[in-house]
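Q: The structure follows.
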Amino acid sequence: MAAISKSERYDRQLRMWGAAGQEALESAHVCLIGSQAVGTELLKNLVLPGIGAFTILDDAKVSAADSGTNFFIHTADVGKNRAEVTSRYLSELNPNVAADYDQRSPSSVVSEDAACFLQFSIVIVANHALSLSELLALDRVLFPAGIPLVIARANGFIGLLQLVNPQHFVIEAKPDFPVFQLRISEPWPELEAIANSLQPETMTSQQFSHVPYILLLLRCLKLWRSETDGTAERVPTTKEEKARFQALLAEFNLFGRGGGGVADAEDCAGGENRPQDGNSAEVLGDTAGSAARIMLYENLEAATKNAYRAWAEPSLPYQFDGLRESVHAEFPRAIEQYRKRDCKRTRDALVFWTIARALAEFVTEQGSGVHLPLPGNIPDMTADTQSYLALQKLYHTKAEEDSAWVYARVQEHLAAADIDAATVVTEEVVKRHCRNAYFLDVLRTPSLSDEHSSEVTPSEELLDSIKNEGGDALFYVLFRASERFADRYGRQPGAVDMEADIPLLQEQVSCLLTDMNLPTHLVSEDLIHEMCRYGGAELHSVAAFVGGLGSQEVVKLLTHQYTPINSVLLYNGMTNSSVVVQP
């Protein structure tokens, strides 16, 4: 059987995150601590798309209970090391992924060899592989180093997924709806020149019907400005000015007879719209008014629908203001961290903040204070192929010029820091950031130590979710209280004696709510009873769901594409509902 090529094996996912995303996955080394059902389900969904390598850390032996909840374990494996067994079965899913396992106790590794976790791209702690105190100790190693920590748990019908990351760069947010920067109100010289070269008065109806609506809007805006004070930067702002602009645009229906006059309505919109006496009002309706106008051209109809682009005030995305404020402190910090330790994490931070600084300077020096580099994409529109491709090339050329300016500035800043730019960043990486400049963002979470500290006030969002919304958000309190319970008594609530553990868990819940300055009656006895009834047991359906969600978030973290949850997600399998809370 012929070997499957990489493009064939990963065809569908390459369409989602491209070659850059796949390269990021293949360079990643993921550590999984604890190989119960939720951990192996999560790791399975990373092995299939082709992460570079994984290591499973687990000293537990396979039990009969494992074979009932973990589909990667068979009854014949009972008594064997669980990390070895799951590693072997997972590696069969994708031979291109390097598989490894470590039979040491996770507790001993955290306490005696925590520095070994610094080699990984991301660390996943599944279920109850570590106690709360051990988890906090691990966090104190990973958080300062900037290595993401993912916590995935499945307890009965309830699941939890938490991302802990001091700084995550969103480079390709991939919004549901594309945003186009067309610069109609402030065109650059080449775009303005091509619009000015149009002579719609001399066009036939067929020629006019294929003029891209962007050029129609530019032409109309020039006419509107010539009627007013002629100021090149002025755009319609009042209701009356916008109505006049729309009226001028509607008068474009008159073009398309090859020598001026009324358009051939039969060619464009059907014989019933042909004016009988040459009166354009019969074609246009009331050009000074209204919705009653008849648009004879599809491109003109598109221009009318997009007329707002001619007067929309250009502005920077809200998150860019935060980047611009942060870059003054983050850029020198990134240089310092890179000099201390040259690794992918510090290199990524250096590249991001250097480009962010260059982008901020571009806005000031090249973008009139409101424009980022042009992305270079334009929407689909009614036009002939030659006109559309010419316009597309114009935008693409401008985008290339903008990104070249940013790349040159990036090289200058790195050279000033005595860093060889060629070893850190390529021009293609800079182009990628420029194409996505309108959605660049930095996400941050508190450390676990801060989240669990009684001296740190929980976020207002978290307190509001628990106090006012209740419902699934209350399971955040129960998971936190269960961690405290397990840390104190060495077992999960209900794992040995459910009835005896109910008042003990109630005590932990009350203490936690008191630390959070919340009423102790918020969590009902029924919920506490339910948590004890689970006894820390996994249900495969819940574990698979949480694992699926977790793997998606890990892919986002590794590829810097899409926007991760950046918080805690709680899943309620009883109601098939979920909620996200901010710690």
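The values are calculated or read from the model by the stated rules, or taken from the named source; none is laboratory data. As the structure is a prediction and not an experimental result, all values here were calculated from the model. Cβ sites come from the backbone with ideal geometry, for glycine too, and all protein chains shown count toward neighbours. Calculation scope for accessible area: heavy atoms of the full protein, side chains included, ligands and nucleic acids excluded. Shrake-Rupley method; radii C 1.70, N 1.55, O 1.52, S 1.80 Å.
Q: Hey, can you list the DSSP H helices of the chain whose Cα span along the axis is 30 Å or longer and whose average Kyte-Doolittle score is at least -1.0?
A: In the chain, the long hydrophobic H runs are 344-365, 385-416.
Q: Over 30 Å between Cα atoms, which of K222/K393; K44/K431; K340/K556; K6/K398; K174/K393; K44/K344 qualify?
A: Table pairs above 30 Å Cα-Cα are K44/K431; K6/K398.
Q: Continuing with this model, one more query. Show me the ranking of peptides 303-310, 198-205 by mean Cβ neighbours inside 10 Å, starting with the highest.
A: The most tightly packed comes first, giving 303-310, 198-205.
Q: Once the other residues with Cβ under 12 Å from the Cβ of E451 are scored (Lys, Arg +1; Asp, Glu -1), what is the net sum?
A: It works out to a net charge of -4.
Q: Length gain on complete extension for the stretch E298 to T397, per 0.36 nm per residue less the alpha carbon to alpha carbon distance?
A: 32.9 nm
Q: If you bin every alpha carbon distance in the chain into 20 Å steps from zero, what whole percent lands in each bin?
A: 18, 39, 28, 14, 1
Q: Sticking with this structure for a sec: Using a Förster radius of 22 Å, what is the FRET efficiency between R104 and D487 based on their Cβ-Cβ separation? Nearest 0.05, please.
A: It comes out at approximately 0.55.
Q: Work out the length of the dipole vector of the range 477-521 about its Cα centre, built from +1 on the beta-carbon of each Lys and Arg and -1 on the beta-carbon of each Asp and Glu, and round it to the nearest 20 debye.
A: My answer is approximately 120 debye.
Q: Another question, then. Can you list residues whose amide H is under 5 Å from I56's amide H, if they're 5+ apart or on another chain and H is modeled 1.01 Å from N?
A: It is L32, D100, Y101, D102, by chain and number.
Q: While we're looking at this one, here's another question. Please list 3J(HN,Hα) in residue order for the range 94-105, calculated via the Karplus relation 6.51 cos²θ - 1.76 cosθ + 1.60 where θ = phi - 60°; whole Hz, with x for glycine and proline.
A: 8, x, 7, 9, 6, 10, 8, 8, 9, 8, 6, 5
Q: Across the range 452-461, in residue order, what do the Karplus-derived ³J(HN,Hα) couplings come to in whole Hz, using 6.51 cos²θ - 1.76 cosθ + 1.60 with θ = phi - 60° and x for Gly and Pro?
A: Listing the rounded values in order: 9, 7, 6, 8, 9, 6, x, 5, 4, 4 Hz.
Q: Give me the percent of accessible area attributable to carbon and sulfur for the chain, probe 1.4 angstrom.
A: Carbon with sulfur: 50 percent of the solvent-accessible area.
Q: Can you tell me the FRET efficiency between S326 and S133 if r is taken as the Cβ-Cβ distance and R0 is 25 Å, rounded to the nearest 0.05?
A: FRET efficiency, S326 to S133: 0.15.
Q: May I pose another question? Report relative contact order for the range 467-562 in percent, whole number only (criteria: Cα-Cα under 8 Å, sequence separation at least 6).
A: 28 percent
Q: Would you mind computing, in nm to one decimal, how far apart the modelled labels at A193 and A408 are, each placed 7 Å from Cα along Cα→Cβ?
A: Taking the simple label geometry, A193 and A408 are separated by 1.9 nm.
Q: Turning to a different aspect of this structure: Does anything in the range 434-472 have its amide N under 19 Å from the 7 Å Cα→Cβ label point of F177, and if so which residues?
A: 438-440
Q: Percent relative contact order of the chain, based on C-alpha pairs within less than 8 angstrom and at least six residues apart?
A: 20 percent
Q: Using a Förster distance of 45 Å, how high is the FRET efficiency between S524 and A19, based on the Cβ-Cβ distance and rounded to 0.05?
A: Computed FRET efficiency for S524 and A19 comes out at 0.30.
Q: Please compute the contact order of the range 82-144 in relative form: average sequence separation of alpha-carbon pairs under 8 Å and at least six residues apart, divided by the residue count, as a percent.
A: Taking the mean separation of contacting Cα pairs over the length of the range 82-144, I get 31 percent.
Q: In the range 168-244, which trypsin sites (Lys or Arg not before Pro) are in a loop and have at most 16 other Cβ atoms within 10 Å, using DSSP for the loop call?
A: Here the trypsin sites (Lys or Arg not before Pro) that fit, given the DSSP loop and packing criteria, are R234.
Q: Then there's this: I want the local charge near Q162. Using Cβ-Cβ distances under 10 Å, sum +1 for each Lys or Arg and -1 for each Asp or Glu among the other residues.
A: That works out to -1.
Q: Taking θ as phi - 60°, what are the ³J(HN,Hα) couplings along the range 28-36 by the Karplus curve (6.51, -1.76, 1.60), each to the nearest whole Hz, with x for Gly and Pro?
A: Running phi through 6.51 cos²θ - 1.76 cosθ + 1.60 with θ = phi - 60° gives 8, 10, 9, 10, 10, 9, x, 10, 6 Hz.
Q: Also: Sort 483-489, 320-326 for me by packing, meaning the mean count of neighbouring Cβ atoms within 10 Å per residue, highest on top.
A: Per-residue Cβ counts within 10 Å, averaged per peptide and sorted highest first, yield 483-489, 320-326.
Q: Please give me the summed charge of the neighbours of A137: other residues whose Cβ is under 13 Å from its Cβ, Lys and Arg +1, Asp and Glu -1.
A: Every neighbour counted, the sum reads -4.
Q: Still on this structure, I have one more. If I model a spin label as a point 7 Å beyond the Cα along the Cα-Cβ vector, how far apart are those points for S63 and Y308 in nm?
A: Placing both labels 7 Å beyond Cα along the Cβ direction yields 5.9 nm.
Q: Let me ask another. With every protein chain kept in place and ligands, DNA and RNA left out, what is the accessible area per residue of the chain? Probe 1.4 Å, answer in Å².
A: With all protein chains present, the chain gives 45 Å² per residue.
Q: Among the DSSP beta bridges whose two residues both lie in the chain, what percent are antiparallel, rounded to the nearest 5?
A: Around 50 percent of the beta bridges assigned by DSSP in the chain are antiparallel ones.
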